[in-house]
Amino acid sequence: MARIKPQALLNQSKRKKGPARISATTIFLCNLVVVVIVLSLVATYKHWSQRSRNQPVSGLSTFKDTANSLTESKKYDLPGYAILNTSKGYITVELYKDGSPMIVDNFLDLCQKEYFKGLPFHHVIKHYVIQAGHGQGLGAAEDWTTKGKLHSRLATSPKHEAFMIGTSKTKDSTGFELFITTAPIPDLNDKLLVFGRTVKGEDVVQEIEEVDTDEHYRPKSPVVINGVTLKHEI
């Protein structure tokens, strides 16, 4: 067996123990993989972070949309007509649910509590208004007609045509006052809140308007509202 020279053994040992070389291509690919992983993690974090922030807002928006939908549904479920059963006959009123929602709600609530049962027409002013309520003494209608005759009536507001139904803008401790106009009255624009109009029974309004009154426009014979019936359609 041939003997290996010492110098050859030394050179062979150095070749075995030396580190293996890594090519530039391998290093580049490794770095690229690391960058891609880091970018993926950052993108994932941003996605879930944005989603978590938007989720409560989305839920709130859904809640608001549902609440608005319920409000609209409730509004259209409310009766749209009221039939006043007076001692002179029936007066059918269309309620302005969209134009005067707060007043209509108040009126409907009082109807359900039978507030208007037995309510008297305590002021009747021909070619002006008939007024029902619990007011005592001189009512608002008389004061309005006294002041109104001092003003021109050239500009007529459509909402104060004849046979409109409304209530006073002035807070009154006596309760809810009901007015039905019997002529166009523009000078009531700042005093009357209109929430409906007479669609049937104008002749009954005119019959009440013709009753005998004293010098303070109070009917000499009682004229009352016997009750109110609410209807969705007529």
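Pairs from the list 117/231; 113/169; 117/169 with a Cα-Cα gap above 20 Å: 113/169; 117/169. If you sort 202, 233, 207, 177 by accessible surface, 1.4 Å probe, largest first, the order is 233, 207, 202, 177. Under 5 Å from the amide H of residue 119 lie the amide H atoms of 225, each residue being 5 or more positions distant or on a separate chain, with H modelled from the backbone and absent for Pro and chain starts. Can you pull the accessible area of residue 231 for me, 1.4 Å probe, Å² to the nearest 10? Roll a 1.4 Å probe over it and residue 231 shows about 90 Å².
A 1.4 Å probe over all protein chains sorts 167, 213, 229 by accessible area into 229, 213, 167, starting with the largest.
Could you tell me which of rounded, prolate or oblate describes the range 192-234, using a ≥ b ≥ c as the square roots of the eigenvalues of the alpha-carbon gyration tensor, with rounded for a/c under 1.5 and, failing that, prolate when a/b is larger than b/c and oblate otherwise? Prolate shape, in that a/c is at least 1.5 and a/b is the bigger ratio.
The values are calculated or read from the model by the stated rules, or taken from the named source; none is laboratory data. All values reported here derive from a predicted model rather than from experimental measurement. Surface accessibility is based on the protein's heavy atoms, side chains included, excluding ligands, DNA and RNA. Shrake-Rupley method; radii C 1.70, N 1.55, O 1.52, S 1.80 Å.
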